[in-house]
Ligand SMILES: *Cc1c(COP(=O)(O)O)cnc(C)c1O
């Protein structure tokens, strides 16, 4: 079986793979799906045939194509894919640290250490856990944020009152602490932040946007933030920093602003959570004229109380793998406590049962462990530099183009991370732009909205990067679509 795997790896790394399957393959696959549970199984040989011949040809190609720019998907490196297969083969269930029985929890710890060193997140300040992705990380961040902010409000009463949502529930704890509202203060958040607010009992409506301006809706207005934090109506706050924002890839705060946010949070007893699903990766970059704005946007993110990150995006390991880091290990264990007395957990590696949402957990750290060690720090830095270079080459082309318009307006190329947002100047072309660009299956882009109008987004997240080839492919597709729709453009519709 390992040999079979090795030959699959060799054939997947071709110079060109389509972004989407053939329409006929999709129709065939859909028609092949059974509608009833069979009494007799079909057996291993036939199921293999069914999977490989009927279903696999109908999968899309984010991990195989070098030009799949939809969402922020990442691909998977050969090393991570190989390790992922071992994860399933040996099916370790990583909970308690059981060093005499399996090395699994030590591997997980080692992977987290490597990751923290890659991203320059101090290991003595931050503890954490691998989870299913940044959605889980946002749920964890808001769960800790509400625990902290309400307890802090209680501590600040005279006389102080000790209370805990984890112990008493949100209604009683808020009542004890005199809290009437828990608000999440942010700028353009990822959709999962509202989901997280709902899951942890704060509600969608607790998420409040404090944009700097209509032109820069992804950036925090610190004045407005302080006004909200001061709110005396029994409100406590979680500050959620989007790093980066999904449409634009831009960062909510500069280094200096992050320092101010930390100080404000200390003054008002608020929690600071960073959604760094694909932004934290930028901490691999070195300071340079080219990358200074980006480095400035991420270099102080570790002033936060909690960080959510994804490894299945820019770190290019298979789904599902993200991580959550916090400065408050005891609070994490109090909120995610699973029955065992965590105070008595004297193990050098705390039980993962008390650190995250899951109890039974796959060894999802192994692919990241393998990929980090295979490639090393410099490769990861050069990879991100290449992704940024592709995004900037495309952004520069668009900026100079009479057919397309780079968004947000007045974007300086030096501020472009690995995301490019744009639209066609003609409304008629703009309305059809995403399907037109995706039709040839050479590149794949996502549709979104900006300023209330349709917009198109390219997110460069795969490890299959060749700056010249890939920027060339995108620009060629943009040119093709412009040329083929020339008549529409001439008539100004
Ligand atoms: C992708 C993403 C998420 C959600 O992460 P999942 O890994 O899909 O759960 C959250 N925030 C941001 C900024 C993202 O890009």
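A short reminder: the numbers here are calculations on the coordinates, not readings from a lab. What you are looking at is a predicted structure, and each value in this text was computed from that prediction instead of being measured.
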According to the square roots a ≥ b ≥ c of the eigenvalues of the Cα gyration tensor, what is the shape class of the stretch 386-479, taking rounded for a/c under 1.5, prolate for a/b larger than b/c otherwise, and oblate for the remainder? oblate
Please work out, to two decimal places, the log10 of the ratio I(q)/I(0) at q = 0.12, 0.18 Å⁻¹ from a Debye calculation in which every Cα of the stretch 84-185 carries one identical scatterer. -0.63, -0.95
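From the P(r) of the stretch 201-261, could you give the percentage of C-alpha pairs in the tail past 18 Å? Write out the running numbers ahead of the final one.
Working: 685 of 1830 pairs.
The answer is 37 percent, as a whole percent.
Could you state the orientation-averaged shadow area of the convex hull built on the Cα atoms of the chain, in nm² to one decimal? Write down the numbers at each step before the final one.
Values: hull surface 106.1 nm².
The orientation-averaged projected area of the Cα hull of the chain comes to 26.5 nm².
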Is the shape of the stretch 274-327 best called rounded, prolate or oblate, per the rule: a/c under 1.5 gives rounded, else a/b larger than b/c gives prolate, else oblate, with a ≥ b ≥ c the square roots of the Cα gyration tensor eigenvalues? oblate
Per principal axis, descending, Cα span of the stretch 308-360 in whole Å: 37, 24, 20
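Apply the Kirkwood formula to the stretch 274-404: the hydrodynamic radius equals the inverse of the mean of 1/r over all pairs of different alpha-carbon atoms; give it in Å with one decimal.
One over the average 1/r among Cα pairs gives 17.4 Å for the stretch 274-404.
For the stretch 190-320, what is the per residue volume of the convex hull drawn over the alpha-carbon atoms, in cubic angstrom?
On the way: hull volume 15.8 nm³, N = 131.
Spelled out: Cα convex hull of the stretch 190-320, divided by residues, is 121 Å³.
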Calculate how large, on average over all directions, the projected area of the Cα convex hull of the stretch 335-435 is; give the answer in nm² to one decimal. 11.8
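On average, how much area does the Cα convex hull of the stretch 43-105 cover when viewed from any direction, in nm²? Spell out each step's value before the answer.
Values: hull surface 28.2 nm².
Quarter of the Cα hull surface area: 7.0 nm².
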With N residues in the stretch 1-99, Rg(alpha-carbon) / (2.2 N^0.38 Å) equals 1.34
